[in-house]
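Where a number appears in this text, it was derived from the coordinates with a stated rule and is not lab data. If you're wondering where the values come from, they're calculated on a predicted model, not measured in any experiment. Every residue, glycine as well, gets a Cβ built from its backbone with ideal geometry; the counts of neighbours run over all protein chains shown.
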Number of protein chains: 4
Amino acid sequence: MGTKIRAAIVGSTGYGGVELIRFLLQHPLVEITSVISSSNAGAPIADAYPHLAEIVTDRLDAIDPALIKSKADVVFTATPHGVSSALVPQFLEAGLKVIDLSGDFRLKSGEVYEQWYKHKPAPEELIAKAVYGLAEVFGDEILGVDLISNPGCYPTATLLGLIPALAAGWIDPKTIITDAKTGVSGGGRGLSLGFHYSEINENFLAYKVNKHQHLPEIEQVLSRIAGKEVVTTFTAHLVPMTRGILCTSYASLTEPHTDAEFIELYRTYYEGRPFVRIRPEGKVPATKEVWGSNYCDIGFSTDPRTGRLTIISVIDNLVKGAAGQAIQNLNLMMGWDETTGLTMAPVYP
Amino acid sequence: MGTKIRAAIVGSTGYGGVELIRFLLQHPLVEITSVISSSNAGAPIADAYPHLAEIVTDRLDAIDPALIKSKADVVFTATPHGVSSALVPQFLEAGLKVIDLSGDFRLKSGEVYEQWYKHKPAPEELIAKAVYGLAEVFGDEILGVDLISNPGCYPTATLLGLIPALAAGWIDPKTIITDAKTGVSGGGRGLSLGFHYSEINENFLAYKVNKHQHLPEIEQVLSRIAGKEVVTTFTAHLVPMTRGILCTSYASLTEPHTDAEFIELYRTYYEGRPFVRIRPEGKVPATKEVWGSNYCDIGFSTDPRTGRLTIISVIDNLVKGAAGQAIQNLNLMMGWDETTGLTMAPVYP
Amino acid sequence: MGTKIRAAIVGSTGYGGVELIRFLLQHPLVEITSVISSSNAGAPIADAYPHLAEIVTDRLDAIDPALIKSKADVVFTATPHGVSSALVPQFLEAGLKVIDLSGDFRLKSGEVYEQWYKHKPAPEELIAKAVYGLAEVFGDEILGVDLISNPGCYPTATLLGLIPALAAGWIDPKTIITDAKTGVSGGGRGLSLGFHYSEINENFLAYKVNKHQHLPEIEQVLSRIAGKEVVTTFTAHLVPMTRGILCTSYASLTEPHTDAEFIELYRTYYEGRPFVRIRPEGKVPATKEVWGSNYCDIGFSTDPRTGRLTIISVIDNLVKGAAGQAIQNLNLMMGWDETTGLTMAPVYP
Amino acid sequence: MGTKIRAAIVGSTGYGGVELIRFLLQHPLVEITSVISSSNAGAPIADAYPHLAEIVTDRLDAIDPALIKSKADVVFTATPHGVSSALVPQFLEAGLKVIDLSGDFRLKSGEVYEQWYKHKPAPEELIAKAVYGLAEVFGDEILGVDLISNPGCYPTATLLGLIPALAAGWIDPKTIITDAKTGVSGGGRGLSLGFHYSEINENFLAYKVNKHQHLPEIEQVLSRIAGKEVVTTFTAHLVPMTRGILCTSYASLTEPHTDAEFIELYRTYYEGRPFVRIRPEGKVPATKEVWGSNYCDIGFSTDPRTGRLTIISVIDNLVKGAAGQAIQNLNLMMGWDETTGLTMAPVYP
């Protein structure tokens, strides 16, 4: 099919990369024309990922903007922070459209970036140019742009859970606390004692308490929605499972509202956005209910005793939290239906 | 698309049933027109499986052959043994094509069935009529038939691993031993202490040693391939994970052969059968490499010291071991490409 | 050793019961003289728990207060709520000392009990008499009493994490939120879909949001410590692992304090209490670091940006959250060193 | 207690090392006087293992034979193969008794060692001197010796399962096949992609097929028992759990025997050996039934159809397969009861 968009994936031997491959192989309007890795260029990708044997038979390409430009129209950069900021300018200059999955183009303030990421920020003009691809909230800004900054996994789950209530003024922004839990694949394929099986299995722990780099990303978006600076508390935890994020967010109600009213508020806010599903009254979602899919499921419980709202939001960190939302952003960028190539149901059990 | 085949799924609230739903939703030539459950008729399936919320909005139908016939052309019976033998005759009589996922039509001898299943066997003439749908081996017998008996999960992995070597006469049938390991989902959704999380997690065990009902199924097919009665040893084990089967089969070589020769033998045998993948020399597959997909991956190690061959074969028990192979059989029955609707890559990690 | 205390365990075929057995077998001053089960009386306990084969060879006794009195001095009731309230009065009347592991004697208000437990409360005079055995806080009240109500698993982890800060007036009680996560064994050995392996494995979820029966227990103790009514938010989550509780508690500081000051405050508060360990600055504990032991480990992170304190506290739900603390309470009741029989290090990895 | 034996642990920051610490802390006749690590000398062990905080407060010592001799009577070398062969001669020369947990002193043939371990073998005279510490079989040779070679984890489970039947001549040694499965902790704490959580979780795989270095160790002992050379097949598999080994061994019967006869044979063989437990007829053990303990549990199933025996044997790889058996060997070496310090029941669930 000659009219397909040609896509290249940089960082295709990371977990985000292979998940991009899995979904793009199902995409009727996209063809993967280059899988790229900084380290294994020349080798078949099945050497690193036998599950792709006889499915992706291409050899890995090196990172070469001119080569990529000759093969592709759009490039996904599933590269670590600090790497994307160096590569993306080259890809844009070469005339490629870029969807970046790192944190390098998310924070509008270079100073804040440096403080939390301990890296030099990307060029200021590119940061300014990058559109933050939280599809269900900022989807209208994405059509036709050249550079999309794909949201972080935690921010996606946290923000989709909080934004309608905050936008409606139903919760007090000063009181927001998010207690987040992720599966281990969010940490990538790089080795560390913290991801060593025997250390993590049958274990649950908090990490980077009050220091996680996704915190300023969440605050930036909450502040934009609230129309004033929001400072918040966010705690990351590691769950002994491979995939899934569940965020439990707490906030004080500004005035009494029932669960049913929140459900109605959210269903209205997300109308026409098929990847957000709101649970009925008395139900909250579990991570397994979105496993392997691009859904974000949300449920509520208000407590008249305390005047607080508890929001539960779940995603698959590698899909809606990374590769899936990146493809959703490609769809929006191209003017396609946002679900194209992403319609597979969650895998259960 | 008016020309789609209409499919009904009986037992759609079991794990095999929801997996049929997941794949059939991606099938371009099939439409699910009825999801059927003996117990929850009238309720939305999302009550039992929230992951299907807003994806499958149909209410569950009761088991009513006339109703099913009015809605469907083909019916998948993902029902327990003992139940299928009662339902399938009614569905066939109503003029439906049937793909049965239970063990009720696999064994050609009613006596053997009764001995291992402790149930009355299905009607003799239907057992005779049922085609055993091990697609890569008996695929040529499937086109146009009315009743397919879908192989068991263990037999699928075991037989695909053993048959080419046995058919070639390279291994001694009297020496075959299969040590099989399965994820827990093979046990279904019914409650029992044996599937209680705290009992099974961080545990590994053998069960039904020398008594598993898949043993005579394996022997029946091995005997057919060998052209003489084969008696074998088979041990089932439970692995603390949800999905996946790995079979380690042992057999004595009838004459010396190398790993490379076995690889060549198997690649030739399975030529044109895209769901079987043979690993290169020195490599054996892991269950995760087929997770969520219809692949069966196989690897070898011959040992000149002992004159034995070790075969490792892996499948996803719910896909190639159940729902996926059932759809593959539908494809063959209808004369379609056998991969239709089944092309999703394994989910990794 | 004739001077050993004789102990009976009612509910010895539950997870709390077998954990009592495991520790009491190591206790130099206690002898288990009766293991009791309502259902399997007469059978060897190894029929239900093969891991105890040749270790506990006694047959299970029926629940018979006179029989128990003839065999034992003290009885542990590891029975469900609603059962303990019926049994404990009989045991006390028979002259036994009782340590109850259920929720039936924890809440001082029968009305509150009925509201959260949906059961009739225990007799008022016994509720009044029962001493709440949070050993590190109320240990001084335990010596010589007849009835100890062993704290719940979640309250133990939550309260040990919060009390020193609350007692010092360093946190605002109105702002306390506890986000709690537990391993699955907390749900016991009874079957339910919610504990079915394939449903829970690779899954993370919240349950009983704003409705958990441990919430009023936490509030009762916080109120006692604060000297005024405290209303709080508590969310329970299920982690796909067998053992361990981690509570993440949030509260606003009443005035600025550093992590180091909190560490000092807690070390002072828990001086002489060897089962509470405070992590050094910048460190928080993981559940695996107390696995199988009676420790409660605690760490802190204050955030000057928000003025909030985050407290991480971990226990093994079956040990410090149940059987271990019960034995610790027996030690205090008898005037023994509180660590007697409980000195085994955590099992790692 | 001045008469305690003083023990040093070299490699105390490996999983075998911390398990030695856990058990020796409970040993009434041993005092740990030095914990030793090649890399972290001078640091508190709790820096590497927070679960030991306030339990082991010693700083790590460097590997210095003279220093160790000044502090200890016996040294456990829980060091990798290739390291033990270099250290043990120095410790022996310094006058220490040594219990070595590596593979360096197990194989009596240096040539075979080199072939399977790809290292230079240890000095010949020390190999000759080392007693192979399979306690239930060769326990009589251990009293008073200076150097014990502690068996491998797989050989322990395999051999305890096979030896009584082989010694009795009831199975044909030429037909023995062992299909072994281990938890991940057997791989130690060193980082590798093969032990990266997201790769191993929800995965089951075979590794080192026909190449595992424990194979010649098994053959050496089987040959000694059989009184003639035994060549066997052994396959190692990795289970997604932290601890536990289950070996499924197959062999042809030399003449008909029932399960009951095997049970009787094994109970007689292991009489007076409390750490081997034989399951009753119709039962086989699960790994969780020995979790955290020094037991080896064994069950049988004979199949008259095939004339084969299936043996299931389970251990905790870090206890009976490493640290526990090492302490059992110390007990035998010293002339103490072999269960001293090892009487803790398995941890369940």
Residue by residue through A:209-220, how many Cβ atoms from other chains fall within 10 Å of the Cβ on average? 2
Rounded, prolate or oblate: pick one for the range C:287-349, where a ≥ b ≥ c are the square roots of the eigenvalues of its C-alpha gyration tensor, a/c under 1.5 means rounded, and failing that, prolate if a/b is larger than b/c, else oblate. prolate
Say a label goes 7 Å from Cα toward Cβ at A:E54 in every copy; what distances in nm does this one have to the rest, shortest first? 3.7, 4.9, 5.8
Correct response: the longest run of chain B lacking exposed GluC sites (Glu not before Pro), defined by DSSP loop and at most 16 other Cβ within 10 Å, is B:55-228
Given label points at 7 Å from Cα along Cα→Cβ, what nm distances, shortest first, separate D:K120 from the same residue in every other copy? 4.9, 7.7, 8.2
Sort out for me the Cα centre separation of the range D:282-296 from the range D:310-349, rounded to whole Å. 12
Roughly how many Å is it from the Cα centre of the range B:200-277 to that of the range A:243-262, as a whole number? 51
What Kirkwood radius, in Å to one decimal, follows from the Cα pairs of the range B:56-172? 15.5
Please work out which residue of chain A brings its Cβ closest to the axis of the rotation superposing A onto C, and round that distance to whole Å. A:D179, 2
Using a/c under 1.5 as the rounded threshold, could you call chain D rounded, prolate or oblate? The axes a ≥ b ≥ c are square roots of the C-alpha gyration tensor eigenvalues, and prolate needs a/b larger than b/c, oblate otherwise. prolate
So how far, in whole Å, is the C-alpha centre of the range C:54-91 from the one of the range C:123-195? 23
Mind checking the angle between helix B:259-269 and chain B's longest principal axis? C-alpha axes, 0 to 90 degrees, to the nearest 10. 40
Rounded to the nearest 500, what is the 222 nm mean residue ellipticity of the protein assembly as shown from helices alone, with -39500 (n - 2.57) per DSSP H run of 4+ residues and division by all residues? -8000 deg cm²/dmol
Viscosity 0.692 mPa s, 37 °C: Kirkwood-radius Stokes-Einstein D of the range B:31-78 over Cα pairs, µm²/s: 294
Past the 30 Å Cα-Cα mark, which pairs from D:K118/D:K228; A:K129/C:K283; D:K208/D:K228; C:K69/C:K181; B:K4/B:K120; D:K120/D:K181? A:K129/C:K283; C:K69/C:K181; B:K4/B:K120
Got a sec? How would A:K4, B:K71, D:K97, D:K320 order by Cβ neighbour count within 10 Å, fewest to most? A:K4, B:K71, D:K97, D:K320
I'd like the mean, over residues of D:177-189, of how many other protein chain beta carbons sit within 10 Å of each residue's own Cβ. 5
Within the set B:A135, B:A53, B:A157, GNM on chain B using Cα springs under 10 Å gives the largest fluctuation to B:A53
Would you please name the trypsin sites (Lys or Arg not before Pro) within the range B:220-273 that are DSSP coil residues with at most 14 other C-beta atoms within 10 Å of their C-beta? B:K228
Roughly what % of DSSP beta bridges within the range B:154-317 run antiparallel, to the nearest 5? 75
Just to confirm the number: angle between the C-alpha axis of helix D:15-24 and the first principal axis of chain D, 0 to 90 degrees, nearest 10? 80
Between the helical axis of B:84-93 and the dominant principal axis of chain B, each derived from Cα atoms, what acute angle in degrees is found, rounded to the nearest 10? 60
First obtain the Kirkwood hydrodynamic radius of the protein assembly as shown from its Cα pairs, then insert it into the Stokes-Einstein equation at 10 °C and 1.306 mPa s, and state the resulting D in µm² per second as a whole number. 48
Which whole-number percent is the relative contact order of the range D:154-317 (Cα, under 8 Å, 6+ apart)? 30
Relative to the compact globular guide of 2.2 N^0.38 Å, what is the alpha carbon radius of gyration of the range B:1-86, as a ratio? 1.01
Global geometry of the range B:138-234, whether rounded, prolate or oblate, following the gyration tensor of its Cα atoms and the 1.5 cut on a/c: oblate
What Kirkwood Rh does the range D:154-317 have if only Cα atoms enter the pairwise 1/r average? Answer in Å. 16.2
Place the label 7 angstrom along Cα→C-beta at D:G227 and in each other copy, then list the distances from the first to the rest in nm, shortest first. 4.4, 8.6, 9.6
Listing D:S70, D:S149, C:S198 by rising number of other beta-carbon atoms within 10 angstrom, fewest first, gives D:S70, C:S198, D:S149
Roughly how many debye, to the nearest 20, is the charge dipole of the range C:199-349 about its Cα centre, given +1 on each Lys and Arg Cβ, -1 on each Asp and Glu Cβ, and no other charges? 180
Based on C-alpha coordinates, I'd like the Rg and Dmax of the range C:224-349, in Å. 15.8, 48
Most mobile listed residue (C:G14, C:G307, C:G82) in chain C, GNM with C-alpha springs under 10 Å: C:G307
